[in-house]
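The values are calculated or read from the model by the stated rules, or taken from the named source; none is laboratory data. If you're wondering where the values come from, they're calculated on a predicted model, not measured in any experiment. No Cβ is skipped: glycine too gets one built from the backbone with ideal geometry, and neighbour counts run over all protein chains shown. All accessible areas refer to the heavy atoms of the entire protein, side chains included, with ligands and DNA or RNA removed. Shrake-Rupley method; radii C 1.70, N 1.55, O 1.52, S 1.80 Å.
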Amino acid sequence: AQSVTQPDIHITVSEGASLELRCNYSYGATPYLFWYVQSPGQGLQLLLKYFSGDTLVQGIKGFEAEFKRSQSSFNLRKPSVHWSDAAEYFCAVATFSGGYNKLIFGAGTRLAVHP
Amino acid sequence: DTAVSQTPKYLVTQMGNDKSIKCEQNLGHDTMYWYKQDSKKFLKIMFSYNNKELIINETVPNRFSPKSPDKAHLNLHINSLELGDSAVYFCASSITSQQGYTFGSGTRLTVV
């Protein structure tokens, strides 16, 4: 069955430090992968996506992610974290059935940023 | 202009009541979705409509009934509300799977 695992429930970093959020997926075919961010009380905003081509993808707000097929991973990175990056981050994979797709989400990683 | 808008943003109601949540998208997308986010922030798909046709119906109690009057609107009606229905409900839309989904800002439902 298709699934997404985000091993870290909660991560705390200092402002200005680098960040890596882990995501592992289970999917038989070439995956379509996404990272979303949810600020407190807000909806989900798409940070970046991968479905083919260059395995290093750039997103909004200075985020990037690297697709590694051999490791079934799609980790999110940012070289220098800002206090406004504190939020919940979700990794997702698009699955296909009967010609239609749905997004399956990981459980999320809550990022806290220390000043 | 809000791309995917949901109303109401907050909904507090008593057990046993019936309530509706409305969703509208102005992106011209063909497909719309309802997701439920529980207290642990876990997101799970409930329903999906493509051009007013139901295409995904996950294991959801039949007290939940989606309705899509046109491809820009997807409403969610819930009968006989239970405490366990308390959650944040997100509407989303998409045009292709490669583009991902655009989410609304959510409706926080609290059943007391």
So, for region A:3-114, what is the accessible surface per residue at a probe of 1.4 Å, expressed in square angstrom?
45
Using the crude model of +1 on Lys and Arg Cβ and -1 on Asp and Glu Cβ, and no other charge, please compute the dipole size for region B:45-85 relative to its Cα centre, in debye to 20.
140
FRET efficiency for B:Thr59 and B:Lys9, using Cβ-Cβ distance with R0 set to 30 Å, rounded to 0.05
0.65
FRET E, pair A:Glu20, B:Lys44, Förster distance 35 Å, beta-carbon r, rounded to 0.05
0.85
Among B:Asn17, B:Gly28, B:Ser5, which residue has its Cα positioned farthest towards the positive end of the charge dipole of region B:5-75, with +1 placed on the Cβ of Lys and Arg, -1 on the Cβ of Asp and Glu, and the dipole taken about the Cα centre?
B:Asn17
Please give the FRET efficiency for A:Gln58 paired with B:Ile95, using the beta carbon to beta carbon distance and R0 = 30 Å, rounded to the nearest 0.05.
0.90
For region A:3-114, the percent of accessible surface on carbon and sulfur atoms (probe 1.4 angstrom, ligands and nucleic acids excluded) is 50
By per-residue mean of other Cβ atoms within 10 Å, what is the highest-first order of A:57-65, B:30-38?
B:30-38, A:57-65
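What is the sum of charges, Lys and Arg at +1 and Asp and Glu at -1, for the other residues whose Cβ falls under 11 Å from the Cβ of B:Gln37?
+3
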Using a simple charge model, +1 on the beta-carbon of Lys and Arg, -1 on the beta-carbon of Asp and Glu, nothing else, what dipole does chain B show about its Cα centre, in debye to the nearest 20?
240
Within 10 Å of each Cβ in A:99-108, the average number of Cβ atoms from other chains:
6
Quantify how strongly other chains surround peptide B:83-91 by giving the mean number of their Cβ atoms within 10 Å of each of its Cβ atoms.
1
Quick check for me: using +1 on Lys/Arg Cβ and -1 on Asp/Glu Cβ, what's the dipole size of the protein assembly as shown about its Cα centre, in debye to the nearest 20?
200
Just name one of A:Leu48, A:Ser14, A:Gly28: the one whose Cα is farthest towards the positive end of the charge dipole of region A:3-114 (beta-carbon charges, Lys/Arg +1, Asp/Glu -1).
A:Gly28
Positive minus negative residues near A:Leu103 (Lys, Arg vs Asp, Glu; Cβ under 11 Å)
+3
